[in-house]
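Each reported figure results from applying straightforward, stated rules to the coordinates on display, with no laboratory input. Quick caveat, the model's predicted, so the values are computed rather than measured. Cβ: placed from backbone, ideal geometry, glycine included. Neighbour counts: every protein chain shown.
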Amino acid sequence: MVNKYPKSLFVVSTAITVAIFLAGVMLGWGLDSFKETEILGDIKINELDTESYLAEQELLQNVGGDLCLIFEPRMNHMKYILNEIGGKLPNSKETASNIDLDYLKRKYFISEVKFLNMLYHVREECGKQVYLPVLFFYTKDDTNSAVQGVILTWLNKRYEDKIIVMSFDKDYTDEPLVKTLMIHYNVTSSATIIIGDKKFDGPVSKDVLEEELMKRI
């Protein structure tokens, strides 16, 4: 028996397929937008915490007081927010808007450098190392960077009360601070790790990194 409605069935099935595809695209866009909103919210919190810390530092310098007594709780919270941002920020073009991703990455890298400056300041003024900074220079979609990132994530969790891992896209040219750090530490390749004054051209094993950390924390 000949099917009387092959053309109409084809049109209907095509329409359904297109509708499902478009729904998937819209859902993905919605999820990406929600993710970006979350990251931006965390960045704003971090910026407020940083401004508040600097304002309090200036106030205590003017009226008198010991900054070293109040810095640690503040920096603990700021480190937590930075880790939250880093965990949510995509390292590839996963978002609906590359412009938004570029903006978020730049804000994140600036926030990391500000926190790094605070760590140096507290160490100099208070004689205490709140967190040991571990700088990681990666390249997107690079196997060595991905492997090294997994190891550093594990170490950051294991020693979360003693270290902070700060990651920077080596090829990111929109933020001059990244280039400045690379020049200062002579970073020329991806998967490079800086711990104190020591540079590791990765990938580096967990055992080697852990041994270096134990010398410094």
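Through the Karplus equation 6.51 cos²θ - 1.76 cosθ + 1.60, θ set to phi - 60°, convert the phi angles of region 131-141 into ³J(HN,Hα) values in whole Hz; use x for Gly and Pro.
Working through the residues one at a time gives 9, 7, x, 10, 8, 10, 9, 10, 10, 4, 6 Hz.
Tell me which residues come under 5 Å, amide H to amide H, from VAL134 once H is placed; ignore anything under 5 positions away on its chain.
ILE164, VAL165, MET166
Where Rh denotes the Kirkwood radius from the mean inverse Cα pair distance, what is Rg over Rh for region 131-217?
Values: Rg = 12.2 Å, Rh = 12.9 Å.
With Rg and the Kirkwood Rh in hand, the quotient comes to 0.94.
When only DSSP loop residues count, what GluC sites (Glu not before Pro) in region 116-179 have their Cβ near at most 12 other Cβ atoms within 10 Å? Can you show the working numbers first?
Working: sites: GLU124, GLU125, GLU160; in loops: GLU160.
Those that pass, being in a loop and sparsely packed, number zero.
Test of understanding: what is the full-extension gain from LEU60 to ARG123, defined as 0.36 nm times their sequence separation minus their Cα-Cα distance?
Details: separation 63, 0.36 × 63 = 22.68 nm, distance 1.74 nm.
Residue separation times 0.36 nm, minus the Cα-Cα distance, leaves 20.9 nm.
Can you check what the net charge comes to around LYS105, using other residues whose Cβ is under 10 Å from the Cβ of LYS105 (Lys, Arg +1; Asp, Glu -1)? If you can, show how the numbers build up before the last one.
Values: positive: ARG106, LYS107; negative: ASP100, ASP102, ASP169, ASP174, GLU175.
So the environment of LYS105 carries a net charge of -3.
Taking Cα atoms of region 36-128, Rg/Rh with Kirkwood Rh, to two decimals? Present the calculation step by step, with values, prior to reporting the outcome.
On the way: Rg = 15.2 Å, Rh = 14.3 Å.
Using Cα coordinates only, the ratio equals 1.06.
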